[in-house]
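Comments concern the structure below.
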Amino acid sequence: MPAAEFQHTLAKAASLSGTSLHTGAPVSLKIQPAAPDSGIKFKRKDLQDEPTVDATIANVKTVERATTIGEGSLRVHTVEHVLSALSALGVDNAIIEMDANEPPIGDGSALPYVDEIRRAGLVPQEAPRRFFRVREPISVETKSGSLLVILPDDEFRISCTQSGPENRFTQFFSTAITPAIYEKEIAPARTFVYYEDVQALMEKNLIKGGSLENAIVVRGDSVLSKEPLRFPDEFVRHKILDIVGDLALLGRAIRGHVVAVRPGHGANTELARALAKAHEATAAVLPKRSFPLGEGGLDINEVMNVLPHRYPFLMVDRILSFEGETKITGIKSVTINEPFFQGHFPGHPVMPGVLQVEAMAQVASVLMMRISKSASRVGYFVSADGVKFRKPVFPGDTLFIHAELTKSRGNRLAKASCKCVVNDAIVSEGELMFTFIDK
Ligand SMILES: [Zn+2]
């Protein structure tokens, strides 16, 4: 049972400095925490008024060799590696401040970003994470021979085939993208270039910051780099890193399987654009619901549409089921990360009984709002009778919260018999009474 998915930002700022790949200029970058629902933004600290630009697909300007975003005359180049790290580690909101037009290239991989983001740490925010769930296959194809398809999947997965000139260095890699897998298998993979391409660029003076310290150079059948290859298939892994970064421009966590053949920034951003379009199309046909109907449960997003409670005081992860008009079952995964365990008690974590009563109250009020077919009222807890705590609840337990409506007087007053169950044993129970007030 996955825990509730909330948006996250950094616990504190993360910093990185180095050299810009294309201009060769020194650059300092600082990733700052940002408000829920604000997404990822770049801020140019070196310009007057420090303008910002949203890292969104609508702001993509050019896709040759790297992804450049901008608004008006403002430009930020090579956004894909920092975006890749933020997205794969689950950072929904952040402001990336820079004093140049391009982030530091580091060692050509996303590892320096991953290290700094990890050092800063993540904190959950009071808003549900935004997802894009693929419902039907979507594909893009480019004239240069890239083909990308995304298929429905419960996870975010990428299966990628890359191949160089004359199909040299053809490599295949397939993986789910989770923070742990990304950090180990994808983030360390470095940028690579074909000598044929860089020779021309060097002559045009277009990669001033480029060196064997931040890119692998492929010349004929040989591979030139300061450090040996980090993986035998490092190239395709870097292609996956770039796909994650370019698709981050969608601004939503993707649930789908990307199958990519010879991807590049052009095809990647085109897929992101197609996903954005598909999302808008679905959002337009979905009716706005005041309350979900039917016997099915509610996911965390739906729960948060109904209940005003937010982390760390939202005590229900999802509603598993309703039974007729009078019964409801909710679930709460109790993890060691719950803030209350820190002090209750140090070295001996036990879930406070009053929070189990709160969980009962939240689940019961979902039932009552469903009966009144309105989420526009606030339930006030009037009394709790016969409350008993039978067993302690520990980190790792899954709390099943059952509530049954036993009495209701008009729309205003209701009584529910509630219990919390762990491993089929009742851990707490009580009779709760509520009154409702219009918001
Ligand atoms: Zn790259």
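The values are calculated or read from the model by the stated rules, or taken from the named source; none is laboratory data. Remember, predicted model here, so these are calculated numbers, not experimental data. Cβ atoms come from the backbone with ideal geometry, glycine included; neighbour counts cover every protein chain shown.
Scanning the range 51-81 for residues that are within 16 Å of the ligand (Cβ to nearest atom), in contact (Cβ under 8 Å) with a residue 24 or more places away in the chain and more than 19 Å from the chain's Cα centre (by Cα) yields V60, V63, E64, R65, A66, T67, I69, V76, H77, T78.
For residues in the range 209-235 being within 13 Å of the ligand (Cβ to nearest atom) and over 14 Å from A110 (Cα atoms), which is modelled with the lowest pLDDT? Please lay out each step first, then the result.
Let us first name the residues in the range 209-235 that are within 13 Å of the ligand (Cβ to nearest atom), namely 210, 214-216, 234-235.
With the extra rule that they be over 14 Å from A110 (Cα atoms), the set shrinks to 210, 216.
Details: G210: 71, I216: 90.
Selected residue: G210.
Residues in the range 258-270 that are within 16 Å of the ligand (Cβ to nearest atom) and part of a helix (DSSP H, G or I): H265, G266, A267, N268, T269.
Among the residues of this structure, A88 does not count as one that is at pLDDT below 95, buried (at least 16 other Cβ atoms within 10 Å of the Cβ) and within 16 Å of the ligand (Cβ to nearest atom).
Does I40 fit the bill of being away from the ligand (no atom under 16 Å from the Cβ) and within 23 Å of P124 (Cβ to Cβ)? Step through it out loud before you land on a result.
Numbers: away from the ligand (no atom under 16 Å from the Cβ): yes; within 23 Å of P124 (Cβ to Cβ): yes.
Yes; evaluated as a whole, the condition is true for this residue.
Just to be sure I understand, how many residues within the range 99-153 are within 16 Å of the ligand (Cβ to nearest atom) and either of a type in the set (D, E, K, R) or free of Cβ contacts under 8 Å to residues at least 12 places away in the same chain (or both)? Of the residues in the range 99-153, 2 are within 16 Å of the ligand (Cβ to nearest atom) and either of a type in the set (D, E, K, R) or free of Cβ contacts under 8 Å to residues at least 12 places away in the same chain (or both).
Condition first: assigned to a helix (DSSP H, G or I), surrounded by fewer than 17 Cβ atoms within 10 Å (Cβ to Cβ) and of a type in the set (F, W, Y). Now tell me which residues in the range 152-204 satisfy that. Y195 - this is the single residue of the range 152-204 that is assigned to a helix (DSSP H, G or I), surrounded by fewer than 17 Cβ atoms within 10 Å (Cβ to Cβ) and of a type in the set (F, W, Y).
Comparison of T191, T175, T161 shows that the only residue that is touching a residue at least 12 places away in the same chain (Cβ under 8 Å), within 15 Å of the ligand (Cβ to nearest atom) and hydroxyl-bearing (S, T, Y) is T191. Within the range 236-252, being within 16 Å of the ligand (Cβ to nearest atom), within 27 Å of H279 (Cα to Cα) and among the basic types (K, R) holds for one residue alone: K239.
Do the conditions hold for R255, that is, is it within 16 Å of the ligand (Cβ to nearest atom) and either touching a helix residue (DSSP H, G or I) at 6+ places or on another chain (Cβ under 9 Å) or part of a strand (DSSP E or B) (or both)? No; evaluated as a whole, the condition is false for this residue.
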